[in-house]
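Novice: Have a look at the structure that comes next, please.
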Amino acid sequence: MRVCLTGDLHHASLRTGNQAHADRSEIDIAAHYTERLREAGVKVTYFVSGRAMEEEWPSLQPICDSPNVEIGGHNYSCFTPPLAHRVFKKVMGSYNGPRFVQRRDALRTVAAIENRTGKRIRAFRNHMYMHGPGTEAVLASCGIDVCSDGVRAASTGPEWHEGGLYNLPINVIPDHEHLYHAERTRDWVDQWQRRYGFSDDFGSQSYEVEEWTDLVLSQLHANAERGVISTMLIHPITLYLCDRFRAFTRILDVLTRAETGFVSQTLPRSRSTQAA
C-alpha cells in the first residue's frame, strides 16, 4: 500500500469555524498530531499559509523541523478579504483572481516559507481547493512542481498538465466537508446543502467520525488493490474536534504498515513520462 498523507494548516488570525471550536491553537494541535506520525514512521505533507509562517513561527518550527514532514504552500492569507475574491468569481469566473493576483499570492507564500525554513517549496494546494484558469501556469512560473487541488476518486497519481506542473488530486474521501464536527452539526449541514448543493466525487453526505473512518480504510485498501497511490487529506484540527483522534488511531495503524511518501516524492523521476 502506497499512501501520500496531506494536511492543511491555517493562521489563527483567519478565525475559521474549526479554530473557534478548539480549546488549543490549530498549530499546537498539528504539533501533537505530527509527533504521533513521527513516532509511527509516517510521512506527511502540510500545506501551510504564508501568514501562519510569519505569525506563528515558534509553534510551527518544531513541525517544520520534523524529518517526517514536507512543507508546501496554502496561499498567503487564504483568499482574504473574501469580498474581493467573490467579485473575481462573479466578474472573471475565477475565485483565485487574475493571473497577476495569483502569482503575487504564490510568490508571497513561497517567500514566507523560505524565509522561515530556508527551503524552497515544490508543492502547493490552494485554500478550499480553489483553482482558476491558468493556475497551473502561474504556480509553475513560481517554481512549483505539483499542485494538489481537488477531489477525484479515480485518480491514480500525479497527472501532467500542459501549464507546466503535475496535479495530484485527492482520491480518498476528505475529512472536513464529509464529517460532522464543530459548527457542522446535522442542522447546519442540511441548511448548507440546501443553499450550496455541495457534492464531490464521494457524494454530498456527511458522516460521524467512526463511519467516515470505515470509508477511509475501505478506500485505502481498494486503492492498494488497484495498485495506485492513495492521496489523503486530513486536517489535524478536524479530527481533534471530532473525537480527540480516537478514530484516527485506526487509520494510523494502517498507515504505519504502509509505504508513505511526501507529495513531491510521488512525481516521476524523469519528465520523459509527461503527456504530450
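Novice: From the list V101, V69, pick out the single residue that is of a type outside the set (D, E) and within 30 Å of A224 (Cβ to Cβ).
Specialist: Details: V101 fails: within 30 Å of A224 (Cβ to Cβ).
Checking each option against the conditions leaves just V69.
Novice: Only one of these conditions is not met by D105: (1) more than 25 Å from T45 (Cβ to Cβ); (2) touching a residue at least 24 places away in the same chain (Cβ under 8 Å). Which number is it?
Specialist: D105 satisfies all of (1) more than 25 Å from T45 (Cβ to Cβ); (2) touching a residue at least 24 places away in the same chain (Cβ under 8 Å) except (1).
Novice: Pairs only if they're at least six apart or on different chains, beta carbon under 7 angstrom, first in segment 231-243 and of a type in the set (D, E, K, R), second modelled with pLDDT of 95 or more; list them, first residue then second.
Specialist: That search, which allows pairs on different chains as well, returns D243/V209.
Novice: Right, next: Please go through segment 15-28 and give me each residue that is within 16 Å of the chain's Cα centre (by Cα) and either part of a helix (DSSP H, G or I) or within 19 Å of T256 (Cβ to Cβ) (or both), ordered by number.
Specialist: Within segment 15-28, N18, E26, I27 qualify.
Novice: Now for a separate question. Filter segment 108-154 down to the residues that are part of a loop (DSSP other than H, G, I, E, B), farther than 20 Å from D175 by Cα and touching a residue at least 24 places away in the same chain (Cβ under 8 Å) and list them by number. Let's see the steps before the verdict.
Specialist: Keep residues of segment 108-154 that are part of a loop (DSSP other than H, G, I, E, B), which gives 118-122, 125-126, 130-134, 142-145, 148-150, 152-154.
Remaining after also requiring farther than 20 Å from D175 by Cα: 118-122, 132-134, 142-145.
Matches in segment 108-154: K119, I121, R122, G132, P133, G134, C142, G143, I144, D145.
Novice: Moving to a separate point now. Identify, from the list R51, R36, the residue that is surrounded by 18 or more Cβ atoms within 10 Å (Cβ to Cβ) and either outside any helix (DSSP H, G or I) or of a type outside the set (A, V, I, L, M, F, W, C) (or both).
Specialist: Working: R36 fails: surrounded by 18 or more Cβ atoms within 10 Å (Cβ to Cβ).
So the residue among R51, R36 that is surrounded by 18 or more Cβ atoms within 10 Å (Cβ to Cβ) and either outside any helix (DSSP H, G or I) or of a type outside the set (A, V, I, L, M, F, W, C) (or both) is R51.
Novice: Residues that are in contact with a Ser or Thr (Cβ under 8 Å, 6 or more places away or on another chain), at pLDDT 95 or above and assigned to a loop (DSSP other than H, G, I, E, B): does segment 241-253 have at least one? Give the derivation first.
Specialist: If we filter segment 241-253 for residues that are in contact with a Ser or Thr (Cβ under 8 Å, 6 or more places away or on another chain), which is where we start, we get 247-248, 250-251.
Keeping just the survivors that are at pLDDT 95 or above gives 247-248, 250-251.
Those left that are additionally assigned to a loop (DSSP other than H, G, I, E, B): 247.
Yes: segment 241-253 contains one or more residues that are in contact with a Ser or Thr (Cβ under 8 Å, 6 or more places away or on another chain), at pLDDT 95 or above and assigned to a loop (DSSP other than H, G, I, E, B).
Novice: So which residues in segment 49-73 are over 15 Å from G118 (Cα atoms) and under 12 Å from the mean Cα position of the chain (by Cα), if there are any at all?
Specialist: Passing the criteria: only S49.
The values are calculated or read from the model by the stated rules, or taken from the named source; none is laboratory data. What you see is a predicted model, and the numbers here were worked out from it, not measured in a lab. Using ideal geometry, Cβ is built from the backbone for each residue, glycine included, and neighbour counts are taken over all protein chains shown.
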